[in-house]
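Beneath this line is the structure, given in structure tokens, with notes to follow.
The values are calculated or read from the model by the stated rules, or taken from the named source; none is laboratory data. Bear in mind the structure is a predicted one, so any value in this text is a computation, not a measurement. Positions of Cβ are backbone-derived with ideal geometry, glycine not excepted, and every protein chain shown enters the neighbour counts.
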Amino acid sequence: MTFKLSRRNFIWLSLMTSACTVMPWENRQGAEKSADAWQKASRILDSLVPPNIPDNQFNVLNYGAMADGQTKNTEAFAKAIDACYAAGGGTVVVPEGRYLTGAIHLRSNIELHIQSGAVILFSTDPADYPLVLSRYEGVEVYNYSPLIYARDAQNVAVTGKGILDGQAADQNWWSWCGSPKFGWQTGMPRQTEDRNLLFQMAEAGVPVEQRLFGQGHYLRPSLMEFYQCDNVLVEGLHIQDSPFWNIHPVLCKNVIVRDVDVSGHGPNNDGCNPESVDGMLIEHCRFDTGDDCIAIKSGRNADGRRVAVPSRNIIIRHCQMKAGHGGVVIGSEISGGVYNVFVEHCQMDSPDLWYALRFKNNAMRGGRIEDIYVRDVNVGQVTYAAITCDFNYEEGADGPFTPELNNLLVERLHVQQAKQVLDSQGLANAPVRNIRLQDCSFNGVSKDSVITYTQGLELNNVRVNGETVTEL
């Protein structure tokens, strides 16, 4: 059912809520909703600034690094970073060459700059990644260090035109997923038991300090993780073949990811996963991944509710999405909530891209997704629906918490090939609410949309296979 207000009631409600920067969805008319929202996006952009890095430079070759692709440079990188930090910060330069290394741990006021022609090859030996505090699928844990890691740092950056190569393959990290598709065979180690144990520990309230995994366990690390950091920049790099997720800022503020290429078709090779992040810009990036291209998260189940920090104020623009499970995705680990996400001027196209916009939640997560704005997105081809809102994901209705999705405005989404326009499945006690499609077109549609437990779906100037429709 479409929710409509009389002009008199609209004026009264506007006065009652005038103290809000952006009024709740149901209190605004269409054009005003969009204008107010994108004004807020402009203010978010104005508040995001790159980290302030001192002018000092430290070349890793001066600290014993060998660019032969065979000598392990973990210690040399650490020495260069420590010297940079002792000097008050600066840029650690990785010049042309091939550098094998274990985990790289960054500190405040440091930029790691990988020059054009430089390739950092990350070791595939788990022993090269010591225990650190991390999040694994939305649950806090002490696990293998991400390949590049910073914790409690301010002003930290990873930049340059070089390559970060996780070297993950079916012969090492990827087989741990437990799927024969990625090299696993009966009798080989896998993540299944450790993953289940970690989730059980979180639900039982086991203190994080006692959730010790890492060596002897099989939970794969992300390629790059910033944990509780402020003022983060990732720019210009090509990132490939991560063991797990690629770019993973957690509990961070003021994050910029710009002009980055992310590729890798391994298991869970998500491109960029902001998790419990406040204030982030992802722009001019290209994703070709084995899972979601961009997936916004905020913690899983009991652990997400314990930490209780949402992801919010995130802008995604001028990005390209190729293969992946979704172009822009929210969920499924969103127990802390996700608010104020803005997506514009993106291109998505691949027969191996499942959905353009994807929202995943269930009654075990129970998080709220609210105020999501999308405009001027062009899609060539997706495998399934252009937009999916799925509360039946994994556990579905089997849980005591209420998933929420409120206020999704999509303007000028143009799709050349999708089997369905919309697959929106709420739950009986938790309907999806207030989806508005404005000035959109969908072609190549061969299946009816699936719309169950969905309230407030509104279509304005929507064309399907060339014909204007008023309902799906």
Just give me the residues in the range 215-248 being of a type in the set (Gly, Ala, Ser) and surrounded by fewer than 21 Cβ atoms within 10 Å (Cβ to Cβ), in sequence order.
Gly216, Gly236
Can Ala295 be described as within 23 Å of Val49 (Cα to Cα), touching a residue at least 24 places away in the same chain (Cβ under 8 Å) and of a type in the set (Gly, Ala, Ser)?
yes
I'd like to check which strands (runs of 3 or more DSSP E) are fully inside the range 367-450 and have at least 1 residues that are without any contact (Cβ under 8 Å) to a residue 12 or more places away in the chain.
none
Within the range 282-290, is there a residue that is under 24 Å from Arg220 (Cβ atoms), of a type in the set (Gly, Ala, Ser) and in contact (Cβ under 8 Å) with a residue 40 or more places away in the chain?
no
Restricted to the range 337-360 and to residues being within 22 Å of Arg300 (Cβ to Cβ) and not hydrophobic (A, V, I, L, M, F, W, C), the residue surrounded by the most Cβ atoms within 10 Å (Cβ to Cβ) is Arg358
Cβ contacts < 7 Å: first residue free of Cβ contacts under 8 Å to residues at least 40 places away in the same chain, restricted to the range 175-187; second residue of a type in the set (Lys, Arg), any location; separation 6+ or different chain. Result?
Gly178/Arg190; Trp184/Arg190
Go through (1) farther than 21 Å from Asn465 by Cβ; (2) among the hydrophobic types (A, V, I, L, M, F, W, C); (3) out of contact with any Ser or Thr (no Cβ under 8 Å at 6 or more places or on another chain) and name the single condition Val432 misses.
(3)
Count - residues of the range 218-235 that are within 21 Å of Ala168 (Cα to Cα) and either of a type in the set (Lys, Arg) or not in a strand (DSSP E or B) (or both):
6
In this structure, does Ser14 turn out to be modelled with pLDDT under 95, part of a helix (DSSP H, G or I), within 30 Å of Asp278 (Cβ to Cβ) and not assigned by TED's automatic domain parsing to the domain that holds Arg412?
yes
